[in-house]
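Chemist: Attaching a single structure in structure tokens format; questions to follow.
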Amino acid sequence: MRKRVLVTGGAGFLGSHLCDRLIREGSDVICVDNLFTGNKDNIRHLLGNPYFEFIRHDVTVPLYVEVDQIYNLACPASPIHYQHDPIQTAKTSVLGALNMLGLARRVKARVLQASTSEVYGDPEIHPQPENYRGCVNPIGIRSCYDEGKRMAETLFFDYKRQENLDIKVVRIFNTYGPRMSLNDGRVISNFIVQALKGEDITIYGDGSQTRSFQYVDDLIEGMYKMMNETDKDFCGPVNIGNPGEFTIKQLAEKVLNMTSSASKIVYKPLPSDDPAQRCPVIDLAIKKLDWKPHIPLEEGLKKTIEYFRPLI
Ligand code: NAD
Ligand code: UDP
């Protein structure tokens with residue numbers, strides 16, 4: 001029998017790649033999305049498939065569907081989008097998690113939360129293992145997202161302790177690739193789009209802050225492995241990221257180089273609470289999931305540039 005799988009945020013960047021993977025594996029997929037940052041174009045190729053259904057729905061409102069697994073990805077992930085309506089972002093994280101946990105309890109489904117490296121905030125420990133508790137400002141402009149995601153993790157583990165729910169939590173580090181929207185606002189899509197248009201490359205701050213960038217295919221593999229991990233007692237949280245660490249200035253130079261662009265680098269103010277460094281420890285994922293990323297930054301950038309070029 002086909003596994004029935006619900007993907008919230010399924011019309012977004014990561015969600016649409018996950019839907020592709022699940023359809024390929026022979027699952028019956030229900031994609032739920034309110035299209036705030038997602039786009040029907042991301043799933044257009046799936047819309048005629050009898051094993052794929054799209055429901056336009058806001059996860060802050062309860063939903064009842066019979067499924068075996070739930071991947072909870074609904075939430076804007078780019079700072080400009082999640083800061084656009086911070087109250088809605090907090091509601092999406094917290095009420096969305098509560099609604100999906102409630103659904104999972106009713107239909108006895110396994111539920112996976114797409115958490116984030118942002119739960120570590122601006123980390124004082126580097127690189128970040130899962131047992132690091134983070135350094136998060138509870139009242140800053142990133143808090144709606146960071147604290148929302150932290151609360152969602154809390155709810156997941158309380159539902160496990162109190163209701164014996166079958167949960168999985170992955171902490172995703174910066175992920176990029178095809179289907180990021182042109183106006184996504186995150187650094188890789190911004191730099192590529194700017195370079196291809198010949199516009200200035202906007203570095204926030206002096207560009208010495210670091211990030212560790214993971215190509216989307218690696219993430220989908222890790223998330224899929226976690227959901228289908230047979231050890232029910234292994235709930236995570238588990239870091240899924242690429243430990244290759246780069247400064248934002250190095251990234252800008254790489255993108256300029258790879259696009260042969262004549263764009264200039266310009267420096268803009270650093271937004272508040274922007275983490276100075278970020279890099280995952282992935283020993284747990286290697287040990288428990290037999291997973292590690294395979295696509296280095298240059299290779300992933302090449303595929304992403306090829307995706308954006310015809311759109312410009
Ligand atoms: P995205 O913005 O492309 O996708 C989010 C999707 O959720 C969009 O389709 C959006 O329309 C939908 N959505 C937002 N609010 C909703 C609501 N209230 N109800 C229903 N749908 C809603 O971002 P993404 O990069 O694909 O991120 C997906 C998930 O992965 C998010 O939960 C994000 O926090 C997490 N994550 C992503 C990254 C990354 O680097 N891409 C890193 C860490 C965590
Ligand atoms: N950034 C930048 N220029 C941009 C977009 C982002 O210099 O046009 C910086 C941003 O300040 C941060 C890093 O790149 O230090 C990663 O930003 P992104 O929004 O991609 O992800 P996050 O900060 O959530 O990790």
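Chemist: May I ask you to list the residues in the stretch 226-252 that are of a type in the set (D, E, K, R), out of contact with any strand residue (DSSP E or B) (no Cβ under 6 Å at 6 or more places or on another chain) and outside any helix (DSSP H, G or I)?
Modeler: Going residue by residue through the stretch 226-252, those that are of a type in the set (D, E, K, R) are 229, 231-233, 245, 249.
This time we only want the ones that are out of contact with any strand residue (DSSP E or B) (no Cβ under 6 Å at 6 or more places or on another chain), so: 229, 231-233, 249.
229, 231, 232, 233, listed by residue number.
Chemist: Here's something else I'd like to know. Give just the number: which of (1) more than 16 Å from ligand 1 (Cβ to nearest atom); (2) in contact (Cβ under 8 Å) with a residue 24 or more places away in the chain; (3) in contact with a strand residue (DSSP E or B) (Cβ under 9 Å, 6 or more places away or on another chain); (4) more than 29 Å from residue 135 (Cβ to Cβ) does residue 301 not satisfy?
Modeler: Unmet condition: (1).
Chemist: Looking only at the stretch 132-154, which residues are crowded, with 19+ Cβ neighbours inside 10 Å, of a type outside the set (Gly, Ala, Ser) and not in a loop (DSSP other than H, G, I, E, B)?
Modeler: Those that are crowded, with 19+ Cβ neighbours inside 10 Å, of a type outside the set (Gly, Ala, Ser) and not in a loop (DSSP other than H, G, I, E, B): 144, 145, 146, 147, 149, 150, 153.
Chemist: Criterion first (under 28 Å from residue 124 (Cα atoms), at pLDDT 95 or above, within 16 Å of ligand 2 (Cβ to nearest atom) and small (Gly, Ala, Ser)) does residue 207 satisfy it? Lay out the reasoning, then the answer.
Modeler: Values: under 28 Å from residue 124 (Cα atoms): yes; at pLDDT 95 or above: yes; within 16 Å of ligand 2 (Cβ to nearest atom): yes; small (Gly, Ala, Ser): yes.
Spelling it out, residue 207 is indeed under 28 Å from residue 124 (Cα atoms), at pLDDT 95 or above, within 16 Å of ligand 2 (Cβ to nearest atom) and small (Gly, Ala, Ser).
Chemist: Here's something else I'd like to know. Can we say residue 295 is among the β-branched types (Val, Ile, Thr) and not in a loop (DSSP other than H, G, I, E, B)?
Modeler: No; evaluated as a whole, the condition is false for this residue.
Chemist: Taking residue 302 as meeting all but one of (1) within 15 Å of ligand 2 (Cβ to nearest atom); (2) more than 29 Å from residue 140 (Cβ to Cβ); (3) assigned to a helix (DSSP H, G or I), write down the number of the exception.
Modeler: With respect to (1) within 15 Å of ligand 2 (Cβ to nearest atom); (2) more than 29 Å from residue 140 (Cβ to Cβ); (3) assigned to a helix (DSSP H, G or I), residue 302 is out only on (1).
Chemist: So which of 221, 299, 245, 253 is acidic (Asp, Glu) and under 23 Å from residue 125 (Cα atoms)? Let's see the steps before the verdict.
Modeler: Values: 221 fails: under 23 Å from residue 125 (Cα atoms); 299 fails: under 23 Å from residue 125 (Cα atoms); 253 fails: under 23 Å from residue 125 (Cα atoms).
Of 221, 299, 245, 253, the one residue that is acidic (Asp, Glu) and under 23 Å from residue 125 (Cα atoms) is 245.
Chemist: Just the residues that are part of a strand (DSSP E or B), buried (at least 17 other Cβ atoms within 10 Å of the Cβ) and within 21 Å of the chain's Cα centre (by Cα), please, taken from the stretch 27-84.
Modeler: If the condition is that a residue be part of a strand (DSSP E or B), buried (at least 17 other Cβ atoms within 10 Å of the Cβ) and within 21 Å of the chain's Cα centre (by Cα), then 29, 30, 31, 32, 33, 54, 69, 70, 71, 72 are the ones that fit.
The values are calculated or read from the model by the stated rules, or taken from the named source; none is laboratory data. Note that the structure is predicted; figures quoted are calculated from it, not measured. In this analysis, Cβ positions are derived from the backbone assuming ideal geometry, glycine residues included, and neighbour counts consider all displayed protein chains.
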